[in-house]
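Colleague: One structure follows; several queries about it will come next.
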Amino acid sequence: MRVVVLTGAGISAESGVPTFRDANGLWEGHRVEDVATPEAFERDPVLVQRFYDARRRALASVDPNPAHRALARLEAELGDDLLVVTQNVDDLHGRAGTTRLVHMHGELRRALCTACAARPAWHDDLIDGPPCPACGERALRPDVVWFGEMPYETDRIERAVATCDLFVSVGTSGAVYPAAGYAALAAAVGARTLELNLVPTMGIVAFDEVRAGPASVVVPRWVDELRRSRAG
Ligand code: OAD
């Protein structure tokens, strides 16, 4: 059985990473167009670098929660038949042990060189303009996909969604495309669709099944159920 799991900010909420659109969401202190667009970076690179430096630093004080760990257990069970697609720029899936993983909106712990397009792993601040390890230019920006930019690996994701048997959406509001369209694509090819969310969304697609609850509870429960059904 081939499974694609799409995750959003809700899966990391209980780890202490704020979501985007809930109350106290990340954007409350900053208007999105002030920090998450290429135009904002051109206008005020210091503000944007400082904003993402702070978010990168904050990763040091958060840990994967039971939902991230459950998806790592699912990979141990399904191997290549599982692809986790995350919209999150935190590194909690990776730290939990998931390896078949696409960071479609980029990663805080990578930099992107605007001179040579290298994407080096990056754990420090970018505000002081360190040189790119590949080309030496002081042209590094956060490797985060901003509004108006193309997400990563959309072809690979669409292939996986178009050939999956089960599509599961975890903790995402379905407000941002192309991710918001994947459930409809999965449904169109006959896959079963399941939503796991604290507050289920009412998007363009009606999921076959919806389970409401915090990710740390509903995700491990679903994963254990799936593993039991395969064992029995
Ligand atoms: P949102 O902030 O839009 O939505 C968060 C979702 O998580 C909501 O549907 C909540 O109901 C749900 N949620 C909150 N706490 C939860 C919990 N404990 N357990 C389960 N679910 C919970 O975040 P995303 O959908 O991820 O893009 O946002 C998508 C994209 O919009 C982000 O990747 C980002 C942003 O603009 C870029 O940066 C390009």
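Colleague: Return yes or no: is His93 at pLDDT 95 or above, within 27 Å of Cys113 (Cβ to Cβ) and touching a His at 6+ places or on another chain (Cβ under 9 Å)?
Modeller: yes
Colleague: Still on this structure, I have one more. Inspect all residues belonging to the range 200-207 and state whether any of them is within 12 Å of the ligand (Cβ to nearest atom), surrounded by 13 or more Cβ atoms within 10 Å (Cβ to Cβ) and either in contact (Cβ under 8 Å) with a residue 60 or more places away in the chain or outside any loop (DSSP other than H, G, I, E, B) (or both).
Modeller: Within the range 200-207, not a single residue is within 12 Å of the ligand (Cβ to nearest atom), surrounded by 13 or more Cβ atoms within 10 Å (Cβ to Cβ) and either in contact (Cβ under 8 Å) with a residue 60 or more places away in the chain or outside any loop (DSSP other than H, G, I, E, B) (or both).
Colleague: When residues of the range 130-164 are filtered for being within 16 Å of the ligand (Cβ to nearest atom), hydroxyl-bearing (Ser, Thr, Tyr) and assigned to a loop (DSSP other than H, G, I, E, B), how many remain?
Modeller: Residues that pass the stated criteria total 1.
Colleague: To continue, here is another question. State yes or no: is Arg73 among the basic types (Lys, Arg), within 30 Å of Ala231 (Cα to Cα) and surrounded by 16 or more Cβ atoms within 10 Å (Cβ to Cβ)?
Modeller: Yes, satisfied.
Colleague: Is it true that some residue in the range 89-101 is touching a residue at least 12 places away in the same chain (Cβ under 8 Å), crowded, with 19+ Cβ neighbours inside 10 Å and of a type in the set (Val, Ile, Thr)?
Modeller: Scanning the range 89-101, I find at least one residue that is touching a residue at least 12 places away in the same chain (Cβ under 8 Å), crowded, with 19+ Cβ neighbours inside 10 Å and of a type in the set (Val, Ile, Thr), so the answer is yes.
Colleague: In the range 184-199, what count of residues is obtained for those that are within 13 Å of the ligand (Cβ to nearest atom) and open to solvent by 10 Å² or more (accessible area, probe 1.4 Å)?
Modeller: Residues in the range 184-199 being within 13 Å of the ligand (Cβ to nearest atom) and open to solvent by 10 Å² or more (accessible area, probe 1.4 Å): 3 in total.
Colleague: Among the residues of the range 169-183, what is the count of those that are open to solvent by 30 Å² or more (accessible area, probe 1.4 Å) and more than 7 Å from the ligand (Cβ to nearest atom)?
Modeller: Summing the residues that are open to solvent by 30 Å² or more (accessible area, probe 1.4 Å) and more than 7 Å from the ligand (Cβ to nearest atom) in the range 169-183 gives 2.
Colleague: Starting from the range 172-191, keep only residues that are more than 16 Å from Thr154 (Cβ to Cβ), then list their pairs with residues that are among the aromatic types (Phe, Trp, Tyr) whose Cβ atoms are within a distance under 9 Å, requiring at least 6 positions of separation or different chains.
Modeller: Ser173/Phe20; Ala175/Phe20; Ala187/Phe167; Ala187/Phe207; Ala191/Phe167
Colleague: Asp91: more than 13 Å from the ligand (Cβ to nearest atom) and of a type in the set (D, E, K, R), yes or no?
Modeller: Taking the combined requirement at face value, the residue satisfies it.
Residue-wise test of (1) within 16 Å of the ligand (Cβ to nearest atom); (2) within 24 Å of Tyr182 (Cα to Cα).
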site	(1), (2)
Leu6	yes, yes
Ala9	yes, yes
Glu14	yes, no
Arg31	yes, no
Phe41	yes, no
Asp44	no, no
Asp63	yes, no
Arg73	no, yes
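Colleague: Considering only residues of the range 132-152 that are loosely packed, with under 15 Cβ neighbours inside 10 Å and more than 18 Å from Phe20 (Cβ to Cβ), which is nearest to the chain's Cα centre (by Cα)?
Modeller: Met150
Colleague: Output the number of the condition that Leu185 fails; it satisfies all remaining conditions of (1) in contact with a helix residue (DSSP H, G or I) (Cβ under 8 Å, 6 or more places away or on another chain); (2) part of a strand (DSSP E or B).
Modeller: So the condition that Leu185 fails would be (2).
The values are calculated or read from the model by the stated rules, or taken from the named source; none is laboratory data. Computed from a prediction, not measured in an experiment: that's the story for all the values here. So basically every Cβ, Gly included, is an ideal-geometry build from the backbone, and we count neighbours across all protein chains shown. With ligands, DNA and RNA removed, areas are computed over all heavy atoms of the protein, side chains included. Shrake-Rupley method; radii C 1.70, N 1.55, O 1.52, S 1.80 Å.
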